[in-house]
Amino acid sequence: MASRDEIDFTYSLTDRIFRLSMGELADFSGAKYDGDFSLSLEQAQRRKHEYVAERIGIEPGRRVLDLGCGWGPLLNFVRSKKAKGVGVTLSSAQAAACKRNGLDVHLRDARQVTGDTFGPFDAVASLGAFEHFCSRDDWEAGRQDDVYSRLFASVAGLLPDKGRFYLQTMVFGRNMIPLEGIDIHAPRDSDAWYLALLGRQFPGSFLPFGAEQIIDSARPHFRLVSSTSGRLDYIETIRQWRKRFAAPSVRKTLLKLRLLPRWLSSADFRVAVTAGVSANTICFERELLDRYRMVFEKVQ
């Protein structure tokens with residue numbers, strides 16, 4: 001799994017820039033446009049939250065766990081429904097921001113959440129965190145399926161029979177190239193270079209090989225209720241994010257200047273922030289990556 005330092009590299013270093021660009025409860029997971037790209041980003045994110053609520057039953061009095069909760073947008077929505085939300089994240093900055101906003105969030109590895117430490121839940125969700133639950137080292141050691149199976153077993157232990165788990169995650173797409181071909185020194189604009197750049201931006205993280213690997217790993221604890229691709233929605237979401245990050249701001253400029261020591265000391269950081277392109281956008285457009293919204297139900 002991506003370590004706490006690796007998660008902090010991706011999310012905590014730029015925490016304040018994220019929140020200045022996207023709001024105090026920054027929603028850094030793909031929105032739900034359903035092809036209607038006339039929607040604002042806020043409307044599409046609200047549509048996503050309402051979809052999750054409908055699919056897993058976020059209702060007054062119910063207890064909901066958010067694995068990898070980010071800055072707490074889903075937890076805030078849970079609160080608005082008069083349900084009880086609990087979140088975990090490995091980003092210290094995200095956890096602190098959530099607590100400032102009155103959310104019940106813990107700095108903890110999502111794979112270590114058990115009924116003994118957090119009690120039972122009526123529903124569980126994870127939006128955009130599954131990519132961080134397995135590392136390339138895990139895959140190379142042949143542990144990827146086991147990592148996912150253990151996670152599903154852990155989630156099942158938190159839920160009642162027929163309790164639901166909403167999972168939103170990126171996966172390797174139908175045009176994915178062989179992993180050994182990924183190289184930051186490959187020609188710029190090649191598939192190999194974009195995938196390597198993405199790896200620099202999200203160190204320690206690795207993706208499932210399609211939706212089927214996830215579905216297989218969920219057995220025997222869960223049955224799949226629904227699965228839909230949100231690839232095009234994610235492309236539009238990233239486009240909207242980039243517009244907001246690029247919007248001029250004196251405060252953001254000053255914050256970026258404070259990252260200069262990290263830029264000077266870390267080659268990976270320099271590559272990640274100075275490429276001038278959106279690697280994930282290109283990877284989704286070329287179908288090197290895909291993204292799925294999946295609803296699972298615990299079997300008896």
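All but one of (1) within 26 Å of Tyr51 (Cα to Cα); (2) outside any helix (DSSP H, G or I); (3) open to solvent by 20 Å² or more (accessible area, probe 1.4 Å) hold for Pro203; which doesn't?
Evaluating Pro203 over (1) within 26 Å of Tyr51 (Cα to Cα); (2) outside any helix (DSSP H, G or I); (3) open to solvent by 20 Å² or more (accessible area, probe 1.4 Å) leaves (1) as the failure.
Can you name the condition, by its number, that Ser190 falls short on among (1) touching a residue at least 60 places away in the same chain (Cβ under 8 Å); (2) over 21 Å from Asp137 (Cβ atoms); (3) polar (S, T, N, Q)?
Unmet condition: (1).
Considering only the range 237-250, I want to know if a residue exists there that is part of a helix (DSSP H, G or I), under 18 Å from Leu151 (Cα atoms) and within 19 Å of the chain's Cα centre (by Cα). First the steps, then the outcome.
First, the residues of the range 237-250 that are part of a helix (DSSP H, G or I): 237-246, 250.
In the following step, the residues that additionally are under 18 Å from Leu151 (Cα atoms) were identified as none.
The answer is no, given that none of the residues of the range 237-250 is part of a helix (DSSP H, G or I), under 18 Å from Leu151 (Cα atoms) and within 19 Å of the chain's Cα centre (by Cα).
Write out, first by first residue and then by second, each pair whose Cβ atoms fall under 7 Å of each other, whose residues are 6+ apart or on separate chains, and whose first residue, in the range 111-128, is free of Cβ contacts under 8 Å to residues at least 60 places away in the same chain while the second is among the small types (Gly, Ala, Ser) and not in a strand (DSSP E or B).
Val113/Ser154; Thr114/Ser154; Thr114/Gly157; Gly115/Gly157
I'm told Val147 meets every condition in (1) within 29 Å of Gly119 (Cβ to Cβ); (2) in contact with a Gly (Cβ under 9 Å, 6 or more places away or on another chain) except one. Can you identify the failing condition by its number?
Only one criterion is unmet by Val147, namely (2).
Return the total of residues in the range 133-144 being open to solvent by less than 20 Å² (accessible area, probe 1.4 Å) and modelled with pLDDT under 95. Give the steps one after another, and end with the answer.
Let us first name the residues in the range 133-144 that are open to solvent by less than 20 Å² (accessible area, probe 1.4 Å), namely 133-135, 138, 144.
From what's left, modelled with pLDDT under 95: 133-135, 138.
Looking only at that region, the number is 4.
Among all residue pairs at least 6 apart or on different chains, which show Cβ distances below 8 Å where the first residue, located in the range 59-70, is part of a strand (DSSP E or B) and the second is open to solvent by 10 Å² or more (accessible area, probe 1.4 Å) and charged (D, E, K, R)?
Arg63/Lys84; Arg63/Asp122; Val64/Lys84; Val64/Asp122
Give the residue that is least open to solvent (accessible area, probe 1.4 Å), with candidates limited to residues of the range 46-69 that are out of contact with any helix residue (DSSP H, G or I) (no Cβ under 6 Å at 6 or more places or on another chain) and at positive phi. Before the answer, list the steps.
So the first thing to find is which residues in the range 46-69 are out of contact with any helix residue (DSSP H, G or I) (no Cβ under 6 Å at 6 or more places or on another chain), and the list is 46-48, 50-57, 59-63, 65.
Going one step further and asking which of them are at positive phi, we end up with 57, 61.
Values: Gly57: 14, Gly61: 69 Å².
Ranking the candidates gives Gly57 first.
The values are calculated or read from the model by the stated rules, or taken from the named source; none is laboratory data. All values derive from a computational prediction rather than experimental measurement. Cβ: placed from backbone, ideal geometry, glycine included. Neighbour counts: every protein chain shown. Heads up: the accessible areas ignore ligands, DNA and RNA and are worked out on the full protein's heavy atoms, side chains in. Shrake-Rupley method; radii C 1.70, N 1.55, O 1.52, S 1.80 Å.
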